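Structure first, commentary second.
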2 protein chains.
Amino acid sequence: MSDPLPELDLTADVLTLTRQLVDAPSVSGSEEPLADAVEAALRGLGGLEVERVGNAVLARTDLDRDTRIVLAGHLDTVPIADNLPSRIEDVDGEERLYGCGTSDMKSGDAVMLRLAARFGVPGAQPARDVTFVFYDNEEVEAVRNGLGRVARERRGWLYGDLAILMEPTDGVVEGGCQGTLRVVLTVPGKRAHSARSWLGVNAVHGAAGILGTLAGYRAREVEIDGLTYREGLNAVRIEGGVAGNVLPDVCQVTVNFRFAPDRDEDQALDHVREVFADALAAGVTLEVTDSSAGALPGLAEPAAAAFVAAVGRPARAKLGWTDVARFAAFGIPALNYGPGDPNLAHQVGEYTRIDRLQPAEDALIAYVSGSDA
Amino acid sequence: MSDPLPELDLTADVLTLTRQLVDAPSVSGSEEPLADAVEAALRGLGGLEVERVGNAVLARTDLDRDTRIVLAGHLDTVPIADNLPSRIEDVDGEERLYGCGTSDMKSGDAVMLRLAARFGVPGAQPARDVTFVFYDNEEVEAVRNGLGRVARERRGWLYGDLAILMEPTDGVVEGGCQGTLRVVLTVPGKRAHSARSWLGVNAVHGAAGILGTLAGYRAREVEIDGLTYREGLNAVRIEGGVAGNVLPDVCQVTVNFRFAPDRDEDQALDHVREVFADALAAGVTLEVTDSSAGALPGLAEPAAAAFVAAVGRPARAKLGWTDVARFAAFGIPALNYGPGDPNLAHQVGEYTRIDRLQPAEDALIAYVSGSDA
């Protein structure tokens, strides 16, 4: 049993609420007290259907609106690095809230809770129905991911006309996400003493063509819904070697392909096979070690376009892979949007700009209240 | 204190003597009992000046002959792999003596002891003076090598007109040895998330040129004193990689250059720098981690030519590096010649062909007795 946290005050302003969340440590795997507090606060509002799934907390309005928006945020953080409790500092006139999880992504969770406090009470009249998904274990291996668990066990909870993942984006809408494919290329050789190298086949030399292909690769830029996705094909690891006087009989190159969401996983793999066709024909083998589909931004969908308009800043493409892909897999337009700064995530000096918090809350309120719905 | 071994019987035939040596375990670092036995046997002959230097035993005739031959053999073996005591087996009509050290190189030591027994007694009349060097710790790191210690502390003992290292050569004279140079090429890069690869510089891709150079390298063949040395330039290790989603900021390629003895160490390094000139100009750095000079065969020297004639089989070049280089450093022609089979050294199934033993003894006796001296 974990000690209960103090009650969350959802009527407090978004900065105060962010600090409450940040000062409630919830490193991946230890989210229970915070999930309990979130669940209690949401149930206390009186206008939401609430369900608990492990340490994920699901809540939604049920007002039979024409459109439904799903807001998702993870409750966990990376390990605390002597950067709690939170503190406010003024740096060159910029007010910052420092602490583990400020940026990634308890400021986003706080915005969600503020929305819940406004639209999840009896008598509230949002223009759109809203679903809230607070989940656990985002910062660890995918198999433990709470949103994945919800997708498997409570799939219906994730349906909507638009999903917004409150990951840090510096207050800009980042549409969809790119996919990622990891393959290991294995170059075979034959050992021999390096003093009699003609008796062997040097596998490291055999990787010359692969590295040449990678060095010369021209990555594609693709425009989808007005956003530019920029692909990349990179060796992320190479290894080979037996001893200082032996020709290596194996050289392995791990290649990571980040692909735009107009390719699916199969097409991405086909492309990689085509790029390395010469090597594969020469006896190199390819093994897929990791593959995750990207997510189309769906910005042409009215619900998504309206949200971009509410934010009032140009959207851009999300290049890294995020949990939005779990929504995209159900055909739901999926965006990343949060007040945190993505460059500060997982840093000891993590902070969020305080002047980013209220605009995020305001944009979402405008959107959920909006007459276009 | 180690238990003393039974006395060595230098009057026994070379096979019996080989078995006596093989059945006296002497893994590197534990040569003392065997060195004691060798020293006692040599002192007992009565016609040799004998000196002990650690676990190396030095002995020589002093008959004021015009030429002096130095015979050198190490007493140590690689670790025993359940392959002692020795045993004789007949395989398809070929008689073999199996056991740790049979090939590398106690059969060679036995030949040396037989020579000592013949020429190291009062009244013997060899045509050449003979020096015997039995030494320790050849199978381990160079800094412990007993021959190196003798070269530093008793340099005068190594001088002669010809040095013969009794390493396994299958009864063929192998002249000199090639040098070996090991360098680490470090390719710099800049880390970046693989989803935003244009923000970084991929060090593994930067190694493409190095591997291309290696793959396309045409190794030189050089004839020296009628022997053909075949060089080789090989990557023996490559490594780079930070994480599955990060562009590597460093890639290191370890390259081993085996060079013919017409190049010295400086020239070998100059050549390697020239081969990788483009990479070095582009910011790759080169660090020498290991360098050992080769040894010229000196077969044009009369003392060496006479020995090749006594063996009666064509000589060939020694391609691996051996301790003959320690003699060559003093300008002494240096050959490898031993009854063992180099391909069986360090194998669990190590053996020596019994029919190789007596011819080796006979060739050396003919040479040392010879009228050409």
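The values are calculated or read from the model by the stated rules, or taken from the named source; none is laboratory data. Predicted model, so just to flag it, every value in this text is computed and none were measured. Virtual Cβ from ideal backbone geometry, glycine too; neighbours counted across all protein chains shown. Calculation scope for accessible area: heavy atoms of the full protein, side chains included, ligands and nucleic acids excluded. Shrake-Rupley method; radii C 1.70, N 1.55, O 1.52, S 1.80 Å.
To make sure I understand the rule: partners must be aspartates and glutamates, Cα under 14 Å from the Cα of B:K318, and not fewer than 8 residues away in the same chain. Which ones qualify? Within the straight-line cut-off, B:K318 pairs with B:E167, B:D170, B:E174, B:E221, B:E223, B:D225, B:E231, B:D262, B:D341. Per residue, the average separation of C-alpha pairs within less than 8 Å and at least 6 apart gives the range B:217-373 a relative contact order of 18 percent. Taking θ as phi - 60° and the Karplus parameters 6.51, -1.76 and 1.60, the scalar couplings of the range A:152-163 work out to 7, 9, 9, 3, x, 5, 8, 5, x, 8, 7, 10 Hz in sequence order, x denoting glycine and proline. Considering only the other residues whose Cβ falls under 9 Å of the Cβ of B:Y135, what net charge follows from Lys and Arg at +1 and Asp and Glu at -1? Charge balance near B:Y135 sits at -4.
Think of it as helices only: each DSSP H run of n ≥ 4 in chain A is worth -39500 (n - 2.57), and spread over all residues that comes to -7500 deg cm²/dmol at 222 nm. Summed over both chains, the area buried between A and B is near 3100 Å², taken from the accessible surface of protein heavy atoms with a 1.4 Å probe. When the Gaussian network model of chain B links Cα atoms closer than 10 Å, the mean-square fluctuations of B:R52, B:R218, B:R118 top out at B:R218. According to the Cα-based calculation, Rg over Rh for the range A:1-121 is 0.99, with Rh computed by the Kirkwood formula. Using C-alpha pairs below 8 Å separated by at least 6 residues, the relative contact order for the range B:118-193 is 13 percent. Shape index of the range B:299-373: Rg/Rh, with Rg the Cα radius of gyration and Rh the Kirkwood radius from the inverse mean 1/r over Cα pairs, equals 0.99.
Note that the range B:128-286, at 20 °C in a medium of 1.002 mPa s, gets a Stokes-Einstein diffusion coefficient of 112 µm²/s from its Kirkwood radius over C-alpha pairs.
Charged side chains reduced to their Cβ positions (Lys and Arg at +1, Asp and Glu at -1) give the protein assembly as shown a dipole of some 1120 debye around its Cα centre. Taken as Cα centroids, the range B:88-165 and the range A:240-308 sit 58 Å apart, rounded to the nearest whole angstrom.
Accessible surface of chain B, 1.4 Å probe: 47 percent of it comes from carbon and sulfur atoms. By the equivalent-ellipsoid construction on the alpha carbon gyration tensor, the range A:71-158 comes out with semi-axes of 27, 22, 8 Å, ordered largest to smallest. Relative to the globular-protein estimate of 2.2 N^0.38 Å, the Cα radius of gyration of chain A stands at 1.14.
Taking 8 Å as the Cα distance limit and 6 or more residues as the minimum spacing, I'd like the relative contact order of chain B as a percentage. That works out to 23 percent. Dipole of chain B computed with +1 at Lys/Arg Cβ and -1 at Asp/Glu Cβ about the Cα centre; of B:V201, B:V187, B:V308, farthest Cα towards the positive end is B:V201.
Averaging over every viewing direction, what projected area does the convex hull of the Cα atoms of the protein assembly as shown cover, in nm²? In nm², the orientation-averaged hull projection of the protein assembly as shown is 41.6.
Every pair of different Cα atoms in the range A:280-334 enters the Kirkwood calculation, which places the hydrodynamic radius at 13.7 Å. For the protein assembly as shown, the solvent-accessible area with a 1.4 angstrom probe is 39 square angstrom per residue.
Computed over Cα pairs, the Kirkwood radius of the range A:107-168 leads via Stokes-Einstein (1.306 mPa s, 10 °C) to a diffusion coefficient of 120 µm² per second. Return the aspartates and glutamates within reach of B:K190: Cα separation strictly under 15 angstrom, same-chain partners fewer than 8 residues apart disregarded; answer none if there are no such residues. Answer for B:K190, where 15 Å is the Cα cut-off: B:D249, listed by chain and number. Kirkwood hydrodynamic radius (Cα pairs, Å) of the range B:89-212? When all Cα pairs of the range B:89-212 are included, the Kirkwood radius is 20.2 Å. Remark: the range A:352-368, residue by residue, has Karplus-estimated 3J(HN,Hα) of 10, 6, 5, 6, 8, 6, 5, x, 5, 4, 4, 5, 5, 4, 4, 5, 6 Hz, where x stands for each Gly or Pro and the curve is 6.51 cos²θ - 1.76 cosθ + 1.60 at θ = phi - 60°. Contact residues in the range B:248-263 by the 40 Å² criterion (accessible area, 1.4 Å probe, full protein complex versus chain alone): B:R258.
Debye-formula intensities of the range B:131-200, expressed as log10 I(q)/I(0) at q = 0.14 Å⁻¹, are -0.64 (one equal scatterer per alpha-carbon, no solvent).
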